[in-house]
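The values are calculated or read from the model by the stated rules, or taken from the named source; none is laboratory data. Computed from a predicted structure; not experimentally measured. Note: ideal-geometry Cβ built from the backbone for every residue, glycine included; neighbour counts use all protein chains shown.
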Amino acid sequence: MSTAPCVVILTVSERCSRGETVDTSGPTLQALATQHLGATIAHAECLPDDMAALAQFFAHWSEETRHIDLILSTGGTGLAPRDITPEALRTVMHREHAGLMDLSRLRCLEKTPRTFLSRGIAGTINRTLVITLPGSPRGCTEMFEAIADILPHAIETLRGDVQDDGRPELGGGNKGVIHHRD
């Protein structure tokens, strides 16, 4: 990546937000983003399962003036009635990117078919990519690592750093091309 991505972490948990338990998934995502993406963590927060508060968080941290590349949330993506993180994101999301979570679930299938119980989604708000992951350290780790290899290119594309992928048949040459090890 051209410059380290700026990342925000959100933990969605009633108990953590009330201080009744220690958040382990948020710090796990911080470490993963730093390790795999070389990310700078701009902010981390824990919120309860509240539709308005979650939507406001996503909208606030994806304002273009903040220059946040990626928001990773953990929690609220399961089947319990209180799990509303995907629905909250959909109220403020500009474009959904179902393929990211499809790829994540597909790559995690070998480890457990329960990966398909996660209702997590991904999409963009302005130039910020938002990904909602499961609430357990294991679940968020497995699903994040399943797509970590393609996140740098996604972020560079959203930033506008990639104008051409280098294929000569497109007539663009190598202007603006960023090459990855993949």
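Quick notes on this one:
- Residues satisfying the stated conditions in the stretch 114-139, i.e. surrounded by fewer than 16 Cβ atoms within 10 Å (Cβ to Cβ) and more than 29 Å from Val22 (Cβ to Cβ): Asn126
- Candidates in the stretch 1-37 are the residues that are of a type outside the set (A, V, I, L, M) and surrounded by fewer than 13 Cβ atoms within 10 Å (Cβ to Cβ); of these, the one that is farthest from Asp161 (Cα to Cα) is Glu20.
- Residues in the stretch 1-39 that are in contact (Cβ under 8 Å) with a residue 24 or more places away in the chain, under 14 Å from the mean Cα position of the chain (by Cα) and either over 19 Å from Thr132 (Cβ atoms) or not in a helix (DSSP H, G or I) (or both): Pro5, Cys6, Val7, Val8, Ile9, Leu10, Thr11, Val12, Ala39.
- Test: residue in the stretch 46-69 that is farther than 18 Å from Ala146 by Cβ, in contact with a Gly (Cβ under 6 Å, 6 or more places away or on another chain) and modelled with pLDDT of 95 or more: yes
- The set of residues in the stretch 70-87 that are over 15 Å from Leu129 (Cα atoms) and either free of Cβ contacts under 8 Å to residues at least 40 places away in the same chain or not β-branched (Val, Ile, Thr) (or both) comprises Gly75, Gly76, Gly78, Leu79, Ala80, Pro81, Arg82, Asp83, Ile84, Glu87.
- Every residue from the stretch 48-102 that is in contact with a Cys (Cβ under 9 Å, 6 or more places away or on another chain) and surrounded by fewer than 22 Cβ atoms within 10 Å (Cβ to Cβ): Pro48, Arg66, His67
- The residues of the stretch 88-116 that are free of Cβ contacts under 8 Å to residues at least 24 places away in the same chain and of a type in the set (D, E, K, R), listed by number, are Asp102, Glu110, Arg114.
- Within the stretch 149-169, residues that are of a type in the set (A, V, I, L, M) and buried (at least 16 other Cβ atoms within 10 Å of the Cβ) sit with their Cβ atoms under 8 Å from residues that are assigned to a loop (DSSP other than H, G, I, E, B) and modelled with pLDDT under 90, at 6+ positions apart or across chains, in these pairs: Ile155/Met1; Val162/Gly176; Val162/Val177; Val162/Ile178.
- Here is the figure for the stretch 40-64: residues that are free of Cβ contacts under 8 Å to residues at least 40 places away in the same chain and in a helix (DSSP H, G or I) total 5.
- Here Ile150 passes the criteria (1) more than 20 Å from Asp23 (Cα to Cα); (2) touching a helix residue (DSSP H, G or I) at 6+ places or on another chain (Cβ under 6 Å) except the one numbered (2).
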